[in-house]
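The values are calculated or read from the model by the stated rules, or taken from the named source; none is laboratory data. Keep in mind that this is a model prediction, so the values were computed, not measured. Note: ideal-geometry Cβ built from the backbone for every residue, glycine included; neighbour counts use all protein chains shown. We work out accessible area using only protein heavy atoms, side chains counted, and drop any ligands, DNA or RNA first. Shrake-Rupley method; radii C 1.70, N 1.55, O 1.52, S 1.80 Å.
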Amino acid sequence: MDSQKEALQRIISTLANKNDEIQNFIDTLNQTLKGVQENSSNVLSELDEEFDSLYSILDDVKESMISSIKQEQARKSQELQSQLSQCNSALENSEELLEFATRSLDIKEAEEFSKAARQIKDRVTMASAFRLSLKPKVSDNMTHLMVDFSQERQMLQTLKFLPVPKAPEIDPVECLVADNSVTVAWRMPEEDNKIDHFILEYRKTNFDGLPRVKDERCWEIVDNIKGTEYTLSALNFSLDNSSSHLNLRVEDACVEWDPTGGKGQETKIKGKENKGSAHVTSLRKHTRSGTPSPKRTSVGSRPPAVRGSRDRFTGESYTVLGDTTIESGQHYWEVKAQKDCKSYSVGVAYKTLGKFDQLGKTNTSWCIHVNNWLQNTFVAKHNNKVKALDVPVPERIGVFCDFDGGQLSFYDANSKQLLYSFKTKFAQPVLPGFMVWCGGLSLSTGMQVPSAVRTLQKSENGMTGSSSSLNIVTQ
């Protein structure tokens, strides 16, 4: 009987796996069907754009040719009008001279006749009628401006859809997962020189088994990839509790104002007895070339800061920084404030930010600040300069940091409306920074840069909003 149960269990397991495979295939088919519909619409839209572009080019060519014809017409008309005017003037003078000569024939006195004959001879010699060219300076022929579109028409009539290339094949050997990034590599089954670029589609999933479309995040797209590999990276970070102000209670991706002044945190540390001290001592042995530290952490003292000599933020700098530096690349994270939060700031700072410094009040930090205490203000701050933002405070704030491009932008995370952009050249790595007073913040990290943000960044480059444009306001 046991053997029969085992056999039945194997059958059940096989059926369950097969059901998963079929369900996955159904999801894939549904996704493919949806893709066919979406891609068909995209292709139709692109076809309209291509023909509109072609029509626009033809209209431009037509306007240019019409302009050339009109210019040639004006030139020839001017030449002929000038020649016509000269001829009319010469004809008028010649007719007057002819009339004078005819009257001279009736003169009876020899002396007077001789005088008139000499005058006629002199005037005929000088007459413009005898110096005119009686040939038009220009012809009426305009055939040199005619066009023949027979060749172009034939080319247009031979327009065809591009042949469908074979699908790229993922190269598992060249793919790499490391340092919170995924490098995807692929190759073509056969060389195709008509391929201009690749489009990578991907989605995030926390599912460990077979890939499933249902209940997972939507697919994201990276367009215009010229090479045959692409690296997807995302910035995952937590809040660095070891350097946060004692009035802040920090748990991974959440920070809250703690009016008890951190006494609760000190109590927790005391309750751990000497376990934390032994661990710290062990770390110091390994980080100082094996030399034991002469100082041991006493019971009730706080753990040392991760970033070395930094002490906790203190005074009115109710600040906490992220635990991961940004040294390159483009990164995006989102922040949501509690509804009753009275004051908070979101931005980035150098690691050298002083423990008494407030975000935005030094040249080593950039932020946007929300104040709901006594008066409502929404501003961008850097180096103690402030720029008022004439937009509603969003429910969630998206932060886009382009380290290499020297840009820090803030967005409404829901609508992707741009709130403000700092443009600078980061002289050293930065850390995400947060200030909270009477309230709390929650973070969402490890996010890819939304495609809407990438598009806005391209169009936003060149717009105003740099730190140098901030109005100088002493805080």
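Find out how many positive minus negative residues lie around residue 138, taking Lys and Arg as positive, Asp and Glu as negative, among other residues whose Cβ is under 13 Å from that of residue 138.
Numbers: positive: 75, 76, 135, 137; negative: 72, 79, 140.
Once positives and negatives cancel, what remains is +1.
May I ask for log10 I(q)/I(0) of the range 1-108 at q = 0.11 Å⁻¹, from a Debye sum over the Cα atoms as equal point scatterers with solvent left out?
Per q value, in the given order, log10 I(q)/I(0) is -0.78.
Where Lys and Arg each count +1 and Asp and Glu each count -1, what net charge lies around residue 81 among other residues with Cβ under 14 Å from its Cβ?
+1
Can you tell me the FRET efficiency between residue 8 and residue 195 if r is taken as the Cβ-Cβ distance and R0 is 41 Å, rounded to the nearest 0.05? Please list the in-between numbers first.
On the way: r = 52 Å, r/R0 = 1.27.
Using R0 = 41 Å, I get an efficiency of 0.20.
With N residues in the range 382-444, what two-decimal value do you get for its Cα radius of gyration over 2.2 N^0.38 Å?
The reported ratio for this selection is 1.21.
Based on a Kirkwood Rh over C-alpha pairs, give the Stokes-Einstein translational diffusion coefficient of the range 356-406 at 4 °C and viscosity 1.567 mPa s in µm²/s.
Numbers: Rh = 12.2 Å.
Once the numbers are plugged in, D ends up at 106 µm²/s.
Take the range 1-54, drop everything but the C-alpha atoms, weight them equally and run the Debye formula without solvent; then report log10 I(q)/I(0) at 0.19, 0.21, 0.22, 0.29 Å⁻¹ to two decimals.
-0.74, -0.79, -0.82, -0.98
At a probe radius of 1.4 Å, what is the per-residue accessible area of residue 175, in Å² to the nearest 10?
Accessible surface of residue 175 is approximately 40 Å².
Name the aspartates and glutamates eligible as straight-distance cross-link partners of residue 342: C-alpha to C-alpha under 16 Å, and not fewer than 8 places from it in the same chain.
Those aspartates and glutamates meeting the cut-off are 256, 258, 316, 395.
Would you mind classifying the range 162-204 by shape? Square roots of the alpha carbon gyration tensor eigenvalues, ordered a ≥ b ≥ c; an a/c under 1.5 is rounded, otherwise it is prolate if a/b is larger than b/c and oblate if not.
Prolate, because a/c is 1.5 or more and a/b exceeds b/c.
Expressed as a fraction of 2.2 N^0.38 Å, the rule-of-thumb size for a compact globular protein of N residues, what is the C-alpha radius of gyration of the range 64-170?
Ratio of Cα Rg to 2.2 N^0.38 Å: 2.45.
Going through the cross-link list 339/361; 381/416; 385/458; 226/385; 34/62, which pairs have a Cα-Cα distance over 31 Å in this structure?
226/385; 34/62
Mind listing which trypsin sites (Lys or Arg not before Pro) in the range 316-354 are in a DSSP loop and have 16 or fewer other Cβ atoms within 10 Å? Could the numbers behind the result be given before it?
Numbers: sites: 336, 339, 342, 351; in loops: 339, 342, 351.
Counting only loop positions with at most 16 other Cβ atoms within 10 Å, the trypsin sites (Lys or Arg not before Pro) in the range 316-354 are 339, 342, 351.
So how exposed is residue 12, as accessible area in Å² (1.4 Å probe, rounded to 10)?
Residue 12 has an accessible surface of roughly 90 Å² with all protein chains in place.
Once label points are set 7 Å from the Cα along Cα→Cβ at both residue 187 and residue 451, what is their separation, rounded to one decimal in nm?
It works out to 2.9 nm between the two label points.
Give me the net charge for the shell around residue 104: Cβ to Cβ below 12 angstrom, other residues only, Lys and Arg +1, Asp and Glu -1.
Around residue 104, the surrounding residues sum to +2.
DSSP loop (so not H, G, I, E, B), at most 15 other Cβ within 10 Å: list which GluC sites (Glu not before Pro) in the range 75-123 pass both filters.
Details: sites: 79, 92, 95, 96, 99, 109, 111, 112; in loops: 109.
Of the GluC sites (Glu not before Pro), the ones in loops of the range 75-123 whose Cβ has at most 15 other Cβ atoms within 10 Å are 109.
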